[in-house]
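The values are calculated or read from the model by the stated rules, or taken from the named source; none is laboratory data. Just so it is clear, the structure is predicted and the values come from calculations on it, not from any experiment. Please note: Cβ atoms are built from the backbone with ideal geometry, for glycine as well, and neighbour counts cover all protein chains shown. We work out accessible area using only protein heavy atoms, side chains counted, and drop any ligands, DNA or RNA first. Shrake-Rupley method; radii C 1.70, N 1.55, O 1.52, S 1.80 Å.
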Amino acid sequence: MREPRRRLSLLTRTATFLALLSALAFYDERTPRAFNYVIDANGTYWGIQDDDSPRVDTGSIRATQVAPAGSTGAYSTAINGYGGIRVRVQTAPEPYLNGELMRGFGLHFDGVNRFRSTQSLDMGGVTISRAVYVNTNANWGRWLDTFTNPTKSPITIQVAFGGQSGQGTTGPNTTEIVATSSGDTTVTAADAWVEYATPLQPSPNLTGGPQVTVLGTPAPFAGAMTFAGSWLYDTFHTPLAYSGHERNFQAYVNTLTLQPGTTRSLLHFVVLGRRVDETTSAAERAAVEGTATSLATSPPIDDLSAAEICSVANFDIASLSIPGFDADACRDRKFQQPAVPPQKKGKTSVKYDVVEKTIAELRADMEAGIVTSQEITRAYLDRIGFYDQGQFGFHAYEIVAGDAVRQANEADRARRKGASGALLGIPIIIKNNYDTFDMPTTNGSFTFAGFRPARDAFQVARLREAGAVIIGKGALEEYATFGHWSNDAWGQVWSVFNPSRSPLASSGGSASAVAGSLAAAAMGSQTGDSLYAPASAQSLVTLRGTDGLESGTGIQPLVWMTDFGGAITRSVSDLADMLNAVTGIDPEDPATLARPDGAVPPDWRSALDTGALQGTRIGYVDSAWADVFGPTAPPFGTNGTIDAMRSALQYLVQAGATIVQMGQLATPPTPDAPPAPTQPIPANRIRAEGWRQYFDSHPELIEQQIFANPFYKVLTEVDVDCSQKKVLYVRADPNTCIAPEMRLTAAEIQLHRDYRQITRPAGVKEWMDAANVDAVVYPGLLSDTSLNDGGGGGFGKAAFGRRDTPSAGNGVPTLAVPAGMNDRGQPVNIQFMGRAWDDARLVGFAYAFEHYATLAGRGHQRQTTAPPLPHDNRKN
């Protein structure tokens with residue numbers, strides 16, 4: 001049972017507030033901003049990914065727009081992360097994350113238009129720093145990337161500059177090459193610049209302006225670009241694409257051989273034009289091409305130091321006329337880069353290897369006396385310290401529990417006294433929108449920095465009762481809002497499987513922690529895609545259960561009654577162990593009280609049956625397996641993902657299922673999706689009521705705020721939505737904040753509850769009954785996953801193909817399970833959707849599918865970027 005809310009004495013309250021102030025001293029270390037904007041002479045806002053929240057810190061352009069930060073104004077280009085660098089060091093063995101998107105420069109914004117590294121990177125012995133300058137009196141930006149070889153041997157490196165200039169094969173956000181300095185549309189070393197543009201629209205409909213990248217002095221200059229590659233995939237070997245979605249991903253590669261003790265730099269410019277239509281395009285293109293030609297032949301670098309100028313390798317500096325610069329003096333110039341911060345050693349104090357261990361394996365080894373919970377927990381903590389923190393860290397954890405080892409020792413003592421249990425001593429990470437009494441619950445936002453709830457969320461309390469070690473709080477998209485990145489205010493999460501890419505959706509921290517063996521399992525949450533998307537992207541298992549299967553008490557709301565808190569695991573059997581702990585009835589959550597008798601098995605492991613699919617009929621809706629804009633013109637151009645998932649359907653057949661055509665291709669035709677009756681209560685009132693109920697049940701939130709900061713309080717949902725501590729690009733203008741409406745009445749609440757638990761699930765049942773199917777199978781994702789330095793807004797600039805099933809909107813279960821890899825080596829999943837309270841059946845279906853897929857090597861996949869750490873013989 002959940003512990004009763006504690007009434008705090010004045011003395012206890014004071015101690016709590018002092019602890020809060022201590023926590024706030026850490027949490028407010030960074031300003032509540034996102035990346036910073038610089039406005040150029042055209043009024044274009046350049047969003048540069050620096051070290052401000054969410055600390056993407058790549059120096060690339062997140063996106064550009066022609067309206068103030070945080071507004072919904074139109075975007076001036078289709079840029080979705082551009083100006084980053086990848087560095088490939090040609091040494092053996094290869095350095096960690098060789099060739100991935102560089103980050104962790106500590107880029108500091110001077111408040112005007114310059115960004116400089118405050119710390120350098122070390123990649124295979126090469127010291128790397130960068131500086132970014134946006135000319136506010138013109139329409140261009142400049143990147144200076146510097147590389148030093150402090151070793152005693154020559155080192156050859158390849159450096160790719162580029163990113164995503166657009167998206168898709170059709171529509172207003174796709175881009176293609178329209179000119180080069182050579183006069184054609186093919187990129188070669190003889191080009192000084194390359195121009196991309198978006199499709200024109202009839203006047204007066206504006207589209208994104210042209211964008212030009214200046215590469216430097218062309219061949220036959222020895223420092224010219226050496227290769228035009230694909231920023232999206234295998235950058236240093238895959239040539240630049242000229243068709244399909246991949247034409248939007250440019251990578252311009254230079255090869256440098258650094259002699260011992262020498263420094264070389266690469267200089268690039270990006271020119272952005274104004275938005276255009278058919279009547280203005282030609283003039284604007286001519287203008288940006290003229291600017292690019294001028295930058296290529298007379299680069300404005302007289303503001304750089306002599307050492308910086310002397311180091312430039314891709315421009316013929318000796319032939320340029322630069323005021324006050326003497327090229328003959330270059331031999332005596334020394335370049336000063338910021339220091340590389342101390343690096344943690346990649347070692348562990350524990351001999352036991354936790355990598356890829358399931359909950360069942362960890363439990364069996366503890367019960368056999370092979371390992372203790374303390375050793376397991378220390379092993380995870382060592383991995384977190386090396387792989388999750390620092391410049392190249394995955395940032396899956398927002399907070400690591402300071403008492404994790406103490407919790408593990410308690411579990412070990414309990415086991416020695418005869419206690420047992422599936423989760424006893426198992427380290428679990430909790431998404432940081434779940435209440436925890438012993439760690440701050442921030443919702444990924446400075447809005448709630450340092451807030452310590454008086455008690456655990458219901459599901460967290462159940463995990464503690466089961467003996468789990470709550471090892472920390474997972475980073476998430478602020479307020480669990482967005483579906484493409486996990487932009488936690490304290491650090492954006494990166495994918496473990498693809499370290500230049502997003503882990504996808506708001507539960508990214510939970511998924512990266514499990515995928516990287518930084519925890520045994522995780523708790524996440526989903527409103528639209530935030531369980532299945534990160535599970536799909538990182539080869540994991542998750543269940544968005546029937547409304548009421550798991551309690552929502554103590555989880556900060558996004559869309560009240562639609563939100564679902566659930567587990568993310570590496571196997572279906574691990575999921576069953578987690579469900580045994582968290583699916584209790586909660587008197588404070590009426591949805592759990594509506595559970596039908598027999599809907600939840602006494603032991604979820606009883607559903608684990610490799611024959612569960614025998615004789616079943618599994619529905620298939622063809623339109624759900626097409627890219628979002630249709631099969632004839634897929635906007636993402638990565639049908640290899642869909643093909644891989646389709647091919648995995650053979651394991652359903654091997655397991656004994658029959659695949660049944662549903663929807664418009666069925667005979668006779670039926671709807672492609674269940675009916676969607678109109679919601680009786682407006683969505684804004686539902687959202688407001690969710691926050692009001694959260695505030696009602698958390699008086700300590702108000703107490704702590706009043707004591708800590710009497711001038712800033714979060715007392716209503718308006719304060720949440722319009723918080724000026726949110727990251728900048730989603731921060732609302734306080735003048736637009738609307739006073740709270742009347743609370744929902746008891747009758748209105750019941751009306752919405754009936755809609756969620758009766759009306760919507762009934763439509764799904766009728767739809768599935770008409771086809772006589774036991775479940776419906778859907779794809780996980782529809783495309784490659786997003787690169788992690790992009791941004792933009794709206795569906796048109798989405799960076800991956802979502803496939804939300806009808807489950808969340810209808811309150812019915814969907815279970816996502818790994819289905820191998822696509823043709824790019826990225827994990828893929830399939831999803832089973834069932835009727836309300838078919839959760840246990842879906843667990844059985846997924847277990848049977850997992851069994852046959854795993855036999856074929858197409859089940860859960862192992863990541864390779866966070867391998868086991870060597871043992872260093874330290875005492876535990």
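Within the stretch 759-807, how many residues turn out to be out of contact with any helix residue (DSSP H, G or I) (no Cβ under 8 Å at 6 or more places or on another chain), of a type in the set (A, V, I, L, M, F, W, C) and at pLDDT 95 or above?
Qualifying residue count for the region: 6.
Select from the stretch 349-388 the residues that are open to solvent by less than 20 Å² (accessible area, probe 1.4 Å) and in contact with a Pro (Cβ under 7 Å, 6 or more places away or on another chain) and list them in ascending order.
Val355, Ile376, Thr377, Tyr380
Among the numbered conditions (1) part of a loop (DSSP other than H, G, I, E, B); (2) over 17 Å from Ser502 (Cα atoms), tell me where Leu97 comes up short.
(2)
Can you name every residue in the stretch 38-62 that is open to solvent by 10 Å² or more (accessible area, probe 1.4 Å) and closer than 17 Å to Asn487 by Cα?
Asp51, Asp52, Arg55, Arg62
Mind checking whether some residue in the stretch 183-203 is among the acidic types (Asp, Glu), farther than 30 Å from Leu782 by Cβ and surrounded by fewer than 19 Cβ atoms within 10 Å (Cβ to Cβ)?
Within the stretch 183-203, one or more residues are among the acidic types (Asp, Glu), farther than 30 Å from Leu782 by Cβ and surrounded by fewer than 19 Cβ atoms within 10 Å (Cβ to Cβ).
Farther than 20 Å from Tyr82 by Cα and surrounded by fewer than 21 Cβ atoms within 10 Å (Cβ to Cβ): which single residue out of Thr148, Thr156, Thr136 fits that description? Working first, answer last.
Working: Thr148 fails: surrounded by fewer than 21 Cβ atoms within 10 Å (Cβ to Cβ); Thr136 fails: farther than 20 Å from Tyr82 by Cα.
The unique qualifying residue is Thr156.
Part of a strand (DSSP E or B), within 25 Å of the chain's Cα centre (by Cα) and buried (at least 22 other Cβ atoms within 10 Å of the Cβ): which single residue out of Phe115, Phe105 fits that description?
Values: Phe105 fails: part of a strand (DSSP E or B).
The unique qualifying residue is Phe115.
From Glu361, Glu308, Glu356, grab the single residue that is on the phi > 0 side of the Ramachandran plot and at pLDDT 90 or above. Working first, answer last.
On the way: Glu361 fails: on the phi > 0 side of the Ramachandran plot; Glu308 fails: on the phi > 0 side of the Ramachandran plot.
Just a single option satisfies the conditions, and that option is Glu356.
Which numbered condition in (1) modelled with pLDDT under 95; (2) in contact with a strand residue (DSSP E or B) (Cβ under 8 Å, 6 or more places away or on another chain); (3) open to solvent by less than 30 Å² (accessible area, probe 1.4 Å) is the only one that Ala74 fails?
For Ala74, the failing item is (3).
Scan the stretch 398-425 and report the pairs whose first residue is within 18 Å of Met578 (Cα to Cα) and surrounded by fewer than 21 Cβ atoms within 10 Å (Cβ to Cβ) and whose second residue is modelled with pLDDT of 95 or more and among the acidic types (Asp, Glu), with Cβ atoms within less than 8 Å and a gap of 6+ or a chain change.
If the second residue must be modelled with pLDDT of 95 or more and among the acidic types (Asp, Glu), the pairs left are Ser420/Glu367.
So Ala179 ticks every box in (1) in a loop (DSSP other than H, G, I, E, B); (2) more than 29 Å from the chain's Cα centre (by Cα) but one. Which box is left unticked?
Tallying (1) in a loop (DSSP other than H, G, I, E, B); (2) more than 29 Å from the chain's Cα centre (by Cα), Ala179 fails exactly one: (1).
Going by the structure shown, is Arg130 within 28 Å of Gln492 (Cα to Cα), open to solvent by 50 Å² or more (accessible area, probe 1.4 Å) and not in a loop (DSSP other than H, G, I, E, B)? Show your work before the answer.
Numbers: within 28 Å of Gln492 (Cα to Cα): yes; open to solvent by 50 Å² or more (accessible area, probe 1.4 Å): no; not in a loop (DSSP other than H, G, I, E, B): yes.
Judged against the criteria, Arg130 is not a match.
I'm trying to understand the selection: among the residues of the stretch 467-482, which are within 10 Å of the chain's Cα centre (by Cα) and within 30 Å of Leu423 (Cβ to Cβ)? Show your work before the answer.
Our first condition is that a residue be within 10 Å of the chain's Cα centre (by Cα); within the stretch 467-482, this holds for 475-477, 482.
Those that are within 10 Å of the chain's Cα centre (by Cα) and within 30 Å of Leu423 (Cβ to Cβ): Ala475, Leu476, Glu477.
In this structure, is Gly552 modelled with pLDDT of 95 or more and open to solvent by less than 10 Å² (accessible area, probe 1.4 Å)?
Values: modelled with pLDDT of 95 or more: yes; open to solvent by less than 10 Å² (accessible area, probe 1.4 Å): no.
When the stated conditions are applied, Gly552 does not pass them.
If only one of Gly584, Gly615 is at pLDDT below 95 and in a loop (DSSP other than H, G, I, E, B), which one is it?
Numbers: Gly615 fails: at pLDDT below 95.
Of Gly584, Gly615, the one residue that is at pLDDT below 95 and in a loop (DSSP other than H, G, I, E, B) is Gly584.
Report yes if some residue within the stretch 213-221 is open to solvent by less than 40 Å² (accessible area, probe 1.4 Å) and in a strand (DSSP E or B); otherwise report no.
yes
From the list Ala505, Ala475, Ala454, which one is in contact (Cβ under 8 Å) with a residue 40 or more places away in the chain and either in contact with a strand residue (DSSP E or B) (Cβ under 6 Å, 6 or more places away or on another chain) or under 20 Å from Thr814 (Cα atoms) (or both)?
On the way: Ala505 fails: in contact (Cβ under 8 Å) with a residue 40 or more places away in the chain; Ala454 fails: either in contact with a strand residue (DSSP E or B) (Cβ under 6 Å, 6 or more places away or on another chain) or under 20 Å from Thr814 (Cα atoms) (or both).
Ala475 is the lone residue from the list that is in contact (Cβ under 8 Å) with a residue 40 or more places away in the chain and either in contact with a strand residue (DSSP E or B) (Cβ under 6 Å, 6 or more places away or on another chain) or under 20 Å from Thr814 (Cα atoms) (or both).
For the stretch 818-840, which residues satisfy the criterion of being open to solvent by 30 Å² or more (accessible area, probe 1.4 Å) and in contact with a Ser or Thr (Cβ under 9 Å, 6 or more places away or on another chain)? Break it down stepwise before answering.
Initially, the stretch 818-840 is screened for residues open to solvent by 30 Å² or more (accessible area, probe 1.4 Å), giving 821, 823-825, 835-837.
Of everything in the stretch 818-840, those that are open to solvent by 30 Å² or more (accessible area, probe 1.4 Å) and in contact with a Ser or Thr (Cβ under 9 Å, 6 or more places away or on another chain) turn out to be Met821, Asp823, Arg824, Arg835, Ala836, Trp837.
Answer yes or no: is there a residue in the stretch 645-663 that is part of a helix (DSSP H, G or I), under 23 Å from Ala808 (Cα atoms) and at pLDDT below 95.
No, the stretch 645-663 contains no residue that is part of a helix (DSSP H, G or I), under 23 Å from Ala808 (Cα atoms) and at pLDDT below 95.
List, please: which pairs have Cβ atoms under 9 Å, are six or more places apart or on different chains, and start with a residue in the stretch 280-299 that is over 16 Å from Thr198 (Cβ atoms) and end with one that is among the charged types (D, E, K, R) and assigned to a loop (DSSP other than H, G, I, E, B)?
The qualifying pairs are Ala287/Arg274.
Output the residues belonging to the stretch 320-346 that are part of a helix (DSSP H, G or I) and in contact (Cβ under 8 Å) with a residue 24 or more places away in the chain. Steps first, please.
Let us first name the residues in the stretch 320-346 that are part of a helix (DSSP H, G or I), namely 327-332.
Selection gives Cys330 alone.
Report, by residue number, each residue of the stretch 484-497 that is open to solvent by less than 10 Å² (accessible area, probe 1.4 Å) and either over 15 Å from Asn433 (Cβ atoms) or of a type in the set (Ser, Thr, Tyr) (or both). Before you say what the answer is, go through the steps one by one.
Initial filter on the stretch 484-497 (open to solvent by less than 10 Å² (accessible area, probe 1.4 Å)): 485-489, 491-496.
Passing the criteria: Trp485, Ser486, Gly491, Gln492, Trp494, Ser495, Val496.
Considering every residue within the stretch 333-347, establish whether at least one is of a type in the set (S, T, N, Q) and surrounded by 23 or more Cβ atoms within 10 Å (Cβ to Cβ). Can you show your working first?
Taking the stretch 333-347 as the starting set, the residues that turn out to be of a type in the set (S, T, N, Q) are 336-337, 343.
Now drop any that are not surrounded by 23 or more Cβ atoms within 10 Å (Cβ to Cβ), which leaves none.
No, because not a single residue in the stretch 333-347 is of a type in the set (S, T, N, Q) and surrounded by 23 or more Cβ atoms within 10 Å (Cβ to Cβ).
Residue by residue through the stretch 188-204, note down the ones that are among the polar types (S, T, N, Q) and over 32 Å from the mean Cα position of the chain (by Cα). First the steps, then the outcome.
Residues of the stretch 188-204 among the polar types (S, T, N, Q): 188, 198, 201, 203.
Hits for the stretch 188-204 are Thr188, Gln201, Ser203.
Looking only at the stretch 724-760, which residues are free of Cβ contacts under 8 Å to residues at least 24 places away in the same chain, assigned to a helix (DSSP H, G or I) and not acidic (Asp, Glu)? Give the steps one after another, and end with the answer.
Our first condition is that a residue be free of Cβ contacts under 8 Å to residues at least 24 places away in the same chain; within the stretch 724-760, this holds for 734-739, 742, 745-747, 750, 754, 758.
Cutting the leftovers down to assigned to a helix (DSSP H, G or I) gives us 734-736, 746-747, 750, 754, 758.
Within the stretch 724-760, Pro734, Asn735, Thr736, Ala746, Ala747, Gln750, Ile758 meet the criteria.
Here is a check on your reading of the model: is Trp560 more than 23 Å from Gly483 (Cα to Cα) and of a type in the set (Phe, Trp, Tyr)? Explain how you work it out, then say what you get.
On the way: more than 23 Å from Gly483 (Cα to Cα): no; of a type in the set (Phe, Trp, Tyr): yes.
Spelling it out, it is not the case that Trp560 is more than 23 Å from Gly483 (Cα to Cα) and of a type in the set (Phe, Trp, Tyr).
Output yes when any residue across the stretch 408-423 is within 30 Å of Tyr479 (Cα to Cα), in a loop (DSSP other than H, G, I, E, B) and over 20 Å from the mean Cα position of the chain (by Cα), and no when none is.
Within the stretch 408-423 (the criterion being within 30 Å of Tyr479 (Cα to Cα), in a loop (DSSP other than H, G, I, E, B) and over 20 Å from the mean Cα position of the chain (by Cα)), the answer is yes, since at least one residue qualifies.
Could you check Thr156 against (1) assigned to a strand (DSSP E or B); (2) under 29 Å from the mean Cα position of the chain (by Cα) and say which number it fails?
Of (1) assigned to a strand (DSSP E or B); (2) under 29 Å from the mean Cα position of the chain (by Cα), only one is false for Thr156: (2).
In the stretch 224-242, which residues are surrounded by fewer than 21 Cβ atoms within 10 Å (Cβ to Cβ), in contact (Cβ under 8 Å) with a residue 40 or more places away in the chain and not in a strand (DSSP E or B)?
If the condition is that a residue be surrounded by fewer than 21 Cβ atoms within 10 Å (Cβ to Cβ), in contact (Cβ under 8 Å) with a residue 40 or more places away in the chain and not in a strand (DSSP E or B), then Thr226, Tyr233, Phe236, Tyr242 are the ones that fit.
Could you tell me which of the residues Ala591, Ala599, Ala624 is at pLDDT below 95 and part of a helix (DSSP H, G or I)? Quick ask: steps written out before the conclusion?
Working: Ala591 fails: at pLDDT below 95; Ala599 fails: part of a helix (DSSP H, G or I).
Answer to the check: Ala624.
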